[in-house]
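What follows draws every value from the coordinates through simple rules; no lab data is involved. Only a predicted model underlies this, so the values are computations on that prediction, with no experimental measurement involved. All Cβ positions, glycine included, derive from the backbone under ideal geometry; neighbour counts span all protein chains shown.
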Amino acid sequence: MNEIVKRNALGRLLPGTPSLNAAGRPRHAIQQVRELLAQHQQLFVDELLRLVHSEDEAIRLAAINEGFDRLLGKAPIAIDDTVAEDRAKEAI
């Protein structure tokens, strides 16, 4: 699959170009991974708790953040969707 793929100036595929991932993601890939990892759930929890007690502050903070993300969910992110008018062309 070392073919040159034609794209427009924005890097998007041109119309009529074949898909770069024609087969797509396997249907049950995520479920299979979850089932495999579920067998080791207690190991992951124990390791996270061990890291929470690390002497390295960066490791400890990362473990605490990860724990809170799992317990409470990630904090919402604010997005500024205001659009400023571009008057640079008028100034020329």
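Taking the conditions exactly as written (assigned to a helix (DSSP H, G or I) and surrounded by fewer than 10 Cβ atoms within 10 Å (Cβ to Cβ)), does residue 71 satisfy them or not?
So residue 71 fits the description; yes.
Can you tell me which residues in segment 48-60 are surrounded by 12 or more Cβ atoms within 10 Å (Cβ to Cβ) and under 24 Å from the mean Cα position of the chain (by Cα)?
48, 51, 52, 59, 60, listed by residue number.
Which condition from (1) surrounded by 11 or more Cβ atoms within 10 Å (Cβ to Cβ); (2) over 24 Å from the mean Cα position of the chain (by Cα); (3) not acidic (Asp, Glu) is the one that residue 82 breaks?
Unmet condition: (1).
Mind checking which pairs have a first residue in segment 44-69 that is farther than 21 Å from residue 34 by Cβ and a second that is assigned to a helix (DSSP H, G or I) and of a type in the set (Gly, Ala, Ser), Cβ under 6 Å, 6 or more apart or different chains?
51/63; 52/63
Could you check segment 18-55 and list, in sequence order, the residues that are part of a loop (DSSP other than H, G, I, E, B) and farther than 30 Å from residue 3 by Cα?
Answer for segment 18-55, where residues must be part of a loop (DSSP other than H, G, I, E, B) and farther than 30 Å from residue 3 by Cα: 39, 40, 53, 54, 55.
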